[in-house]
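Single-structure report; data block below.
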Amino acid sequence: MKTIDLHTHSLCSDGAQTPADVVRTAKEAGLAAIALSDHDSIVGVQEAMDTGNALGIEVIPAVELSAQSDTELHILGYFVDIHNKKLQDTMQYALQVRDERQEETCRKLNEQGFDITMDELRAEAHGNPVLCRAHFAQIMVRKGYAPSVKEAFSQYLSVGCYAYSNRQALTGPEAVSLIHEAGGIAVAAHLHLIKKPDDELREYLKSLIPYGLDGIEGYYTDYTPDMEQRYRAMAKELGLVISGGTDYHGANKPHITIGKGKGNLDIPYSVLDGLRERHCKIYG
(Lines give C-alpha, C1' and ligand atoms only; values in the text may rest on other atoms or scores of the structure.)
Protein backbone atom coordinates (compact mmCIF):
# COMPACT_ATOMS: atom_id res chain seq x y z
CA MET A 1 0.00 0.00 0.00
CA LYS A 2 1.29 3.45 -0.91
CA THR A 3 1.36 5.68 2.17
CA ILE A 4 1.60 9.44 2.59
CA ASP A 5 2.08 12.20 5.20
CA LEU A 6 0.22 15.46 4.57
CA HIS A 7 1.26 17.33 7.72
CA THR A 8 5.03 17.92 7.99
CA HIS A 9 7.22 20.84 8.98
CA SER A 10 10.72 22.14 8.29
CA LEU A 11 10.80 25.71 9.67
CA CYS A 12 9.56 24.58 13.09
CA SER A 13 11.72 21.48 13.14
CA ASP A 14 15.14 21.17 14.73
CA GLY A 15 16.69 23.94 12.66
CA ALA A 16 19.04 21.48 11.00
CA GLN A 17 16.45 20.13 8.58
CA THR A 18 15.80 22.14 5.45
CA PRO A 19 12.64 21.64 3.38
CA ALA A 20 14.75 19.47 1.06
CA ASP A 21 15.91 17.40 4.03
CA VAL A 22 12.29 16.75 5.06
CA VAL A 23 11.52 15.49 1.55
CA ARG A 24 14.60 13.27 1.57
CA THR A 25 13.56 11.87 4.96
CA ALA A 26 10.11 11.10 3.53
CA LYS A 27 11.65 9.40 0.50
CA GLU A 28 13.89 7.27 2.72
CA ALA A 29 10.81 6.30 4.74
CA GLY A 30 9.20 4.96 1.56
CA LEU A 31 6.37 7.50 1.38
CA ALA A 32 4.66 8.14 -1.95
CA ALA A 33 3.70 11.76 -1.19
CA ILE A 34 4.00 14.45 1.46
CA ALA A 35 2.80 17.98 2.04
CA LEU A 36 5.18 20.50 3.59
CA SER A 37 2.79 22.57 5.69
CA ASP A 38 4.87 25.05 7.65
CA HIS A 39 3.21 27.37 10.14
CA ASP A 40 2.14 30.69 8.57
CA SER A 41 4.85 30.40 5.90
CA ILE A 42 5.27 29.15 2.35
CA VAL A 43 8.96 30.03 1.94
CA GLY A 44 10.14 26.40 1.84
CA VAL A 45 7.49 24.96 -0.43
CA GLN A 46 9.26 25.53 -3.75
CA GLU A 47 12.47 23.95 -2.44
CA ALA A 48 10.48 20.95 -1.23
CA MET A 49 8.68 20.57 -4.56
CA ASP A 50 11.92 20.84 -6.54
CA THR A 51 13.51 18.18 -4.34
CA GLY A 52 10.45 15.98 -4.72
CA ASN A 53 10.67 16.24 -8.50
CA ALA A 54 14.33 15.26 -8.39
CA LEU A 55 13.79 12.30 -6.05
CA GLY A 56 10.52 11.03 -7.48
CA ILE A 57 8.30 11.74 -4.49
CA GLU A 58 5.14 13.83 -4.81
CA VAL A 59 5.13 17.08 -2.80
CA ILE A 60 1.83 18.91 -2.35
CA PRO A 61 2.14 22.71 -1.89
CA ALA A 62 0.63 23.47 1.49
CA VAL A 63 0.54 25.77 4.50
CA GLU A 64 -0.78 25.60 8.08
CA LEU A 65 -2.51 28.79 9.20
CA SER A 66 -2.95 29.63 12.87
CA ALA A 67 -6.34 31.20 13.56
CA GLN A 68 -7.98 33.03 16.43
CA SER A 69 -9.70 30.72 18.88
CA ASP A 70 -10.44 30.30 22.57
CA THR A 71 -8.39 27.12 22.35
CA GLU A 72 -6.33 26.22 19.29
CA LEU A 73 -7.43 26.34 15.65
CA HIS A 74 -5.12 25.51 12.76
CA ILE A 75 -6.28 25.37 9.16
CA LEU A 76 -4.28 23.40 6.60
CA GLY A 77 -4.31 24.62 3.01
CA TYR A 78 -3.53 22.11 0.23
CA PHE A 79 -2.74 22.77 -3.45
CA VAL A 80 -2.26 26.48 -2.71
CA ASP A 81 -0.64 28.73 -5.30
CA ILE A 82 2.48 29.88 -3.46
CA HIS A 83 2.86 32.77 -5.92
CA ASN A 84 -0.54 34.23 -5.03
CA LYS A 85 0.05 37.85 -4.01
CA LYS A 86 -2.55 37.98 -1.25
CA LEU A 87 -1.27 34.75 0.27
CA GLN A 88 2.31 36.04 0.21
CA ASP A 89 1.36 39.39 1.73
CA THR A 90 -0.79 37.80 4.43
CA MET A 91 2.01 35.39 5.35
CA GLN A 92 4.33 38.35 5.90
CA TYR A 93 1.77 39.89 8.25
CA ALA A 94 1.18 36.55 9.98
CA LEU A 95 4.90 36.17 10.66
CA GLN A 96 4.93 39.63 12.23
CA VAL A 97 2.04 38.66 14.52
CA ARG A 98 3.75 35.35 15.26
CA ASP A 99 6.85 37.23 16.42
CA GLU A 100 4.67 39.37 18.69
CA ARG A 101 3.12 36.19 20.06
CA GLN A 102 6.52 34.69 20.87
CA GLU A 103 7.59 37.92 22.56
CA GLU A 104 4.52 37.61 24.81
CA THR A 105 5.36 33.99 25.60
CA CYS A 106 8.96 34.96 26.35
CA ARG A 107 7.80 37.67 28.77
CA LYS A 108 5.47 35.22 30.51
CA LEU A 109 8.24 32.64 30.86
CA ASN A 110 10.50 35.33 32.33
CA GLU A 111 7.77 36.15 34.83
CA GLN A 112 7.86 32.50 35.88
CA GLY A 113 11.58 32.79 36.58
CA PHE A 114 12.93 31.25 33.36
CA ASP A 115 16.01 32.95 31.92
CA ILE A 116 15.16 32.91 28.22
CA THR A 117 15.58 35.72 25.69
CA MET A 118 14.26 36.38 22.20
CA ASP A 119 17.84 36.35 20.93
CA GLU A 120 18.15 32.78 22.22
CA LEU A 121 14.89 31.89 20.49
CA ARG A 122 16.14 33.27 17.16
CA ALA A 123 19.41 31.38 17.57
CA GLU A 124 17.43 28.18 18.25
CA ALA A 125 15.58 28.74 14.96
CA HIS A 126 18.92 28.75 13.07
CA GLY A 127 17.92 31.65 10.83
CA ASN A 128 14.44 30.31 10.03
CA PRO A 129 11.83 33.08 9.87
CA VAL A 130 9.19 31.06 11.73
CA LEU A 131 9.64 31.21 15.51
CA CYS A 132 7.72 28.43 17.28
CA ARG A 133 6.82 27.22 20.73
CA ALA A 134 8.91 24.16 19.92
CA HIS A 135 11.99 26.39 19.88
CA PHE A 136 11.12 27.61 23.38
CA ALA A 137 10.66 23.98 24.43
CA GLN A 138 14.11 23.00 23.17
CA ILE A 139 15.72 25.84 25.12
CA MET A 140 13.81 24.87 28.24
CA VAL A 141 15.00 21.27 27.98
CA ARG A 142 18.61 22.31 27.40
CA LYS A 143 18.55 24.64 30.40
CA GLY A 144 16.95 22.04 32.64
CA TYR A 145 13.62 23.84 33.01
CA ALA A 146 11.72 20.85 31.59
CA PRO A 147 12.62 17.17 31.25
CA SER A 148 11.38 16.93 27.65
CA VAL A 149 9.84 18.93 24.84
CA LYS A 150 6.51 17.22 25.52
CA GLU A 151 6.66 18.24 29.20
CA ALA A 152 7.61 21.81 28.31
CA PHE A 153 4.43 22.02 26.27
CA SER A 154 2.15 20.32 28.76
CA GLN A 155 3.41 22.36 31.72
CA TYR A 156 4.07 25.79 30.20
CA LEU A 157 3.39 26.25 26.47
CA SER A 158 0.11 24.54 25.56
CA VAL A 159 -3.36 26.10 25.53
CA GLY A 160 -4.43 26.90 29.08
CA CYS A 161 -0.88 27.18 30.39
CA TYR A 162 0.38 30.50 31.75
CA ALA A 163 2.95 31.13 29.00
CA TYR A 164 0.58 30.38 26.12
CA SER A 165 -0.33 33.34 23.91
CA ASN A 166 -3.43 33.18 21.69
CA ARG A 167 -2.54 36.21 19.58
CA GLN A 168 -3.20 35.29 15.92
CA ALA A 169 -3.29 37.20 12.64
CA LEU A 170 -6.44 35.63 11.16
CA THR A 171 -9.89 34.50 12.21
CA GLY A 172 -11.03 31.03 11.22
CA PRO A 173 -13.22 32.30 8.37
CA GLU A 174 -10.37 34.54 7.13
CA ALA A 175 -7.94 31.61 7.11
CA VAL A 176 -10.35 29.38 5.18
CA SER A 177 -11.19 32.15 2.70
CA LEU A 178 -7.52 33.01 2.13
CA ILE A 179 -6.73 29.41 1.23
CA HIS A 180 -9.50 29.45 -1.38
CA GLU A 181 -8.35 32.79 -2.76
CA ALA A 182 -4.97 31.11 -3.29
CA GLY A 183 -6.58 28.23 -5.18
CA GLY A 184 -6.38 25.67 -2.38
CA ILE A 185 -8.68 23.59 -0.25
CA ALA A 186 -9.03 24.15 3.50
CA VAL A 187 -8.83 21.43 6.15
CA ALA A 188 -9.20 21.79 9.91
CA ALA A 189 -6.20 20.20 11.64
CA HIS A 190 -5.97 18.05 14.81
CA LEU A 191 -9.57 18.43 15.91
CA HIS A 192 -8.92 17.25 19.49
CA LEU A 193 -6.88 20.41 20.14
CA ILE A 194 -9.94 22.55 19.44
CA LYS A 195 -11.12 21.11 22.76
CA LYS A 196 -14.85 21.12 22.15
CA PRO A 197 -17.37 18.36 22.86
CA ASP A 198 -18.43 16.61 19.65
CA ASP A 199 -21.77 18.41 19.39
CA GLU A 200 -20.11 21.83 19.76
CA LEU A 201 -17.27 20.83 17.45
CA ARG A 202 -19.75 19.74 14.78
CA GLU A 203 -21.55 23.10 14.95
CA TYR A 204 -18.26 24.98 14.88
CA LEU A 205 -17.11 23.14 11.77
CA LYS A 206 -20.51 23.75 10.16
CA SER A 207 -20.04 27.49 10.79
CA LEU A 208 -16.83 27.40 8.69
CA ILE A 209 -18.36 25.55 5.73
CA PRO A 210 -19.97 28.69 4.18
CA TYR A 211 -16.47 30.25 4.06
CA GLY A 212 -15.10 27.21 2.23
CA LEU A 213 -14.03 24.59 4.77
CA ASP A 214 -13.43 21.44 2.73
CA GLY A 215 -12.24 18.83 5.17
CA ILE A 216 -10.85 17.72 8.49
CA GLU A 217 -7.85 15.72 9.59
CA GLY A 218 -9.07 12.16 9.98
CA TYR A 219 -5.64 10.63 10.63
CA TYR A 220 -3.33 12.20 13.21
CA THR A 221 -0.50 11.18 15.51
CA ASP A 222 -2.38 11.70 18.78
CA TYR A 223 -5.80 10.43 17.75
CA THR A 224 -7.14 7.35 19.48
CA PRO A 225 -9.03 4.79 17.36
CA ASP A 226 -12.24 6.19 18.86
CA MET A 227 -11.32 9.74 17.79
CA GLU A 228 -10.58 8.57 14.27
CA GLN A 229 -13.95 6.85 14.03
CA ARG A 230 -15.86 9.83 15.43
CA TYR A 231 -14.11 12.45 13.33
CA ARG A 232 -14.46 10.49 10.09
CA ALA A 233 -18.14 9.97 10.81
CA MET A 234 -18.45 13.71 11.44
CA ALA A 235 -16.76 14.45 8.13
CA LYS A 236 -19.16 12.16 6.27
CA GLU A 237 -22.14 13.76 8.00
CA LEU A 238 -20.98 17.28 7.07
CA GLY A 239 -19.89 16.44 3.53
CA LEU A 240 -16.22 17.10 4.27
CA VAL A 241 -13.18 15.24 2.94
CA ILE A 242 -10.50 13.60 5.08
CA SER A 243 -6.83 14.45 5.33
CA GLY A 244 -4.12 12.96 7.50
CA GLY A 245 -0.61 13.52 8.75
CA THR A 246 1.85 13.09 11.57
CA ASP A 247 2.68 16.74 12.41
CA TYR A 248 6.34 15.82 11.97
CA HIS A 249 8.73 18.44 13.45
CA GLY A 250 12.07 16.62 13.29
CA ALA A 251 14.11 16.64 16.51
CA ASN A 252 11.77 19.20 18.07
CA LYS A 253 9.22 16.39 18.40
CA PRO A 254 11.47 13.32 18.48
CA HIS A 255 8.60 11.00 19.40
CA ILE A 256 6.99 11.64 15.98
CA THR A 257 8.36 9.78 12.94
CA ILE A 258 7.56 11.01 9.46
CA GLY A 259 4.79 8.91 7.92
CA LYS A 260 4.32 6.86 11.10
CA GLY A 261 3.69 9.33 13.92
CA LYS A 262 4.30 7.38 17.12
CA GLY A 263 4.67 4.24 15.05
CA ASN A 264 1.11 3.22 14.27
CA LEU A 265 0.03 5.48 11.40
CA ASP A 266 -0.41 4.30 7.84
CA ILE A 267 -2.18 6.98 5.82
CA PRO A 268 -3.31 5.52 2.49
CA TYR A 269 -2.78 7.30 -0.81
CA SER A 270 -6.56 7.25 -1.29
CA VAL A 271 -6.71 10.14 1.20
CA LEU A 272 -4.76 12.30 -1.25
CA ASP A 273 -7.00 11.09 -4.08
CA GLY A 274 -10.00 12.37 -2.10
CA LEU A 275 -8.41 15.76 -1.55
CA ARG A 276 -7.46 16.03 -5.22
CA GLU A 277 -10.99 15.09 -6.27
CA ARG A 278 -12.38 17.85 -4.03
CA HIS A 279 -9.90 20.33 -5.51
CA CYS A 280 -10.84 19.39 -9.06
CA LYS A 281 -14.53 19.67 -8.25
CA ILE A 282 -14.03 23.25 -7.08
CA TYR A 283 -11.50 24.53 -9.58
CA GLY A 284 -11.93 22.22 -12.57
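Given the options ALA67, LEU95, ALA54, identify the residue whose Cα lies farthest towards the positive end of the charge dipole of the range 1-153 (+1 on Cβ of Lys, Arg; -1 on Cβ of Asp, Glu).
Of the listed residues, the answer is ALA54.
Sum -39500 (n - 2.57) across every DSSP H segment of at least 4 residues in the chain, then divide by the residue count to get the 222 nm mean residue ellipticity, nearest 500.
Values: 10 runs with 119 residues, N = 284.
It comes out at -13000 deg cm²/dmol, rounded to the nearest 500.
Write down the radius of gyration of the range 135-176 and its Dmax, each obtained from C-alpha positions, in Å.
Cα-based Rg and Dmax for the range 135-176 come out at 13.2, 40 Å.
Average projected area of the Cα convex hull of the range 52-177, in nm²? Walk me through the intermediate numbers first.
Details: hull surface 36.3 nm².
Average of the hull's projected areas for the range 52-177 equals 9.1 nm².
Where does helix 45-55 land angle-wise versus the long Cα axis of the chain, in degrees 0 to 90, nearest 10?
For 45-55 against the chain, the angle is about 60 degrees.
First obtain the Kirkwood hydrodynamic radius of the range 107-173 from its Cα pairs, then insert it into the Stokes-Einstein equation at 4 °C and 1.567 mPa s, and state the resulting D in µm² per second as a whole number.
Working: Rh = 12.5 Å.
The Stokes-Einstein estimate is 103 µm²/s.
Please grab the % of Cα pairs in the chain that end up more than 35 Å from each other.
Values: 4437 of 40186 pairs.
Value for the chain: 11 percent of Cα pairs lie more than 35 Å apart.
Take the Cα radius of gyration of the range 20-84 and divide it by 2.2 N^0.38 Å, with N its residue count; two decimals is plenty. Intermediate results must be reported in sequence, preceding the final value.
On the way: Rg = 12.8 Å, N = 65, 2.2 N^0.38 = 10.7 Å.
Expressed relative to 2.2 N^0.38 Å, the Cα Rg reads 1.19.
For the chain, take the longest principal axis of its alpha carbons; what is the angle in degrees between that and the long axis of helix 269-283, to the nearest 10 within 0 to 90?
The angle comes out at about 70 degrees.
Which whole-number percent is the relative contact order of the range 95-170 (Cα, under 8 Å, 6+ apart)?
36 percent
Leaving out ligands, DNA and RNA, what percent of the accessible area of the chain is carbon and sulfur, probe 1.4 Å? Present the calculation step by step, with values, prior to reporting the outcome.
Numbers: 5710 of 11600 Å².
Whole-percent figure for carbon plus sulfur exposure: 49.
Would you please give the FRET efficiency between ASP50 and CYS280, computed as 1/(1 + (r/R0)^6) with r the Cβ-Cβ distance and R0 = 25 Å, to the nearest 0.05?
Values: r = 24 Å, r/R0 = 0.96.
That pair, ASP50 with CYS280, gives E of 0.55.
Could you size up the charge dipole of the chain around its Cα centre, putting +1 on the beta carbon of Lys and Arg and -1 on that of Asp and Glu, and report it in debye to the nearest 20? Each step should come with its number before you reach the end.
Details: 28 positive and 40 negative charges, 60 e Å.
Dipole of the chain, to the nearest 20 debye: 280 debye.
Does anyone have the angle between helix 225-238 and the longest principal axis of the chain? Alpha-carbon axes, 0 to 90°, nearest 10?
Here the helix axis deviates by roughly 50 degrees.
Find which of ILE216, PHE153, SER270 sits farthest along the positive direction of the dipole of the chain, computed with +1 on the beta-carbon of Lys and Arg, -1 on that of Asp and Glu, about the Cα centre.
SER270
Listed here are the pairs LYS86/LYS108; LYS108/LYS143; LYS206/LYS236; LYS86/LYS253; LYS150/LYS262; LYS85/LYS236; which of them are more than 23 Å apart at the Cα? Walk me through the numbers on the way to the answer.
Details: LYS86/LYS108 33 Å; LYS108/LYS143 17 Å; LYS206/LYS236 12 Å; LYS86/LYS253 31 Å; LYS150/LYS262 13 Å; LYS85/LYS236 34 Å.
Check vs 23 Å cut-off fails for LYS86/LYS108; LYS86/LYS253; LYS85/LYS236.
For the peptides 43-52, 59-68, 121-130, 275-284, what is the packing order when you average, over each peptide's residues, the other Cβ atoms within 10 Å and list the highest mean first?
Numbers: 43-52: 19.6, 59-68: 23.2, 121-130: 17.2, 275-284: 14.0.
Top of the packing list down: 59-68, 43-52, 121-130, 275-284.
Which log10 I(q)/I(0) values does the range 139-284 give at q = 0.10, 0.18, 0.20 Å⁻¹ under the Debye formula, counting every alpha carbon as one identical point scatterer?
Here the Debye-derived log intensity ratios amount to -0.41, -1.21, -1.36.
Among DSSP beta bridges whose residues both lie in the chain, state the antiparallel percentage, nearest 5.
Values: 13 of 31 bridges.
Rounded to the nearest five, the antiparallel share is 40 percent.
Which of rounded, prolate or oblate describes the range 174-221 when judged by the alpha-carbon gyration tensor and an a/c cut-off of 1.5?
Working: a/c = 2.62, a/b = 1.50, b/c = 1.74.
Verdict is oblate for the range 174-221.
The values are calculated or read from the model by the stated rules, or taken from the named source; none is laboratory data. All of these numbers come straight from a predicted model, not from anything done at the bench. Every residue, glycine as well, gets a Cβ built from its backbone with ideal geometry; the counts of neighbours run over all protein chains shown. Note: areas computed on protein heavy atoms with side chains; ligands, DNA, RNA excluded. Shrake-Rupley method; radii C 1.70, N 1.55, O 1.52, S 1.80 Å.
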